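The structure appears right after this line, and notes come after that.
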Amino acid sequence: METTNDITNFKVGVETKRGCLADSPQVIRASEFDFYRSETKYFDQLRYKPVAQITVTKSQLVIDVDGKSIELDAKLEKIAKEIEESKSILELNDDWDSFDAKKIDKEVWFMAVSLLSKYAHYILAEFSTVIQPPEINPVPNGTIDLSWRTKNGRFLMNVKGKESNTLASYYGDLYNNEQPIKDKLINDSIIKHLAYWMRNLA
Amino acid sequence: MSAELKEEIPDNHFVFRSIRYSGWSKQNKKRPQEACFSPVPDGLSVNWEKHCDLQNVFVILGASKNIGNGKYKDFREFRAIKFQVSEIKNIELLEPSDIDVVHNPQPGNYSHSLVCYDENNEEIRIKLADIVEAKYDLIVFSPPNPPTIQEKIEEFRKAEEEAFVNSKDVSSPEEPGKTSPQ
């Protein structure tokens, strides 16, 4: 796992005729800035303009596997560690459970950890919440389980192989069957209500 | 008894599911990984207690071979979970889903049965794992009296190897270790 630095934030504020900042400037993330910039109308309405690209550095954790890499925000260090440890799954051969289990394909593992990383980042960005790391477990049918038990809830997501029509299926609740959530993912696009529910995994 | 003869398993009966030590949660050693409840290819393999007591569950394990390396399994690496059939069938689910426990006798293992459910139903797997955690002290067992189990395994292996040698010239028999004692 490597650490890199990146400039990611902008300082924005209300610019006056003299070019000074009238209100207290705010720092926003680059990803949010792109959103504001694309939404011109909203941007004008707020009269917010970028006045500086500030050099706030942000650590990132980078995990490499066979030329592909996954970057994680430093706040997601525990998840990065779990992903790093789960690389050992790729060393399993056929029959790894002594009951004819299938070897775990690299693509399936990469899909699983990418999906985990994507949701963890989204939840961090949208809700300022850092979710706990799941257990990343191989399943005898060649798929990967992401399994959580936290103070508030339990959640299981099974990430499938290439031959499946769905990317993943999942179930979670806040114990005693409260606020259950259950469905399938067709692709890796963020499902907002799922991400919102996953705040319970903090 | 013929391996083809299938019986109905009553709801108040018990079945054993064996799980290797490495199949338990890293965070909580009293909870199996949900991966251990993946019902593939045809269902979750269990042993029906009516035809296989706890000791024999481990004898069956020790008398069978790993498919990958051809070596006999070490029964000491396993723990057995004892589920009541009704407990499995009556798991409270968000949507109705079929869960059944059916007798599926195999050559040399008449007690073999299957717990059948949709392999994409993660709700069943997570709830089975949590049942085990909640009742761990009552339903999870290590091998009872390992020396006796080992003795029975040795007897079985010896008998099977002798049968293999004797039948070599007669027909194409099963390789020793591919069947298990009842």
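Taken together, the values in this text are just the output of simple stated rules run on the coordinates, not laboratory data. All values reported here derive from a predicted model rather than from experimental measurement. Here the Cβ is made from the backbone with ideal geometry for all residues, glycine too, and neighbour counts use every protein chain on show.
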Between rounded, prolate and oblate, where does segment B:99-158 land on the alpha carbon gyration tensor, with a ≥ b ≥ c its root eigenvalues, rounded for a/c under 1.5, else prolate if a/b exceeds b/c?
-> oblate
If you take the Cα atoms of segment B:14-167, find Rg, then find the Kirkwood Rh from the mean of 1/r over all pairs, what is Rg/Rh?
-> 0.99
15 Å beta-carbon shell around A:ASP66, net charge (K/R +1, D/E -1) = -2
Computed Rg/Rh of segment B:1-73, alpha carbon atoms with Kirkwood Rh | 0.99
For segment A:142-202, listing trypsin sites (Lys or Arg not before Pro) in a DSSP loop whose Cβ sees at most 10 other Cβ atoms within 10 Å gives A:LYS151, A:LYS162
Quantify how strongly other chains surround peptide A:93-100 by giving the mean number of their Cβ atoms within 10 Å of each of its Cβ atoms.
-> 6
Partner chain Cβ atoms within 10 Å, averaged over the residues of B:118-129 - can you pull that number for me?
-> 6
Neighbour-count ranking for B:GLU151, B:GLU87 (other C-beta within 10 angstrom, fewest to most) reads B:GLU151, B:GLU87
Residue-by-residue Karplus 3J(HN,Hα) for segment A:123-133, coefficients 6.51, -1.76, 1.60, Hz, glycine and proline x | 5, 5, 5, 7, 10, 6, 10, 9, 7, 5, x
Find the Cα radius of gyration of segment A:126-202, compare it with 2.2 N^0.38 Å by division, and give the number to two decimals.
-> 1.10
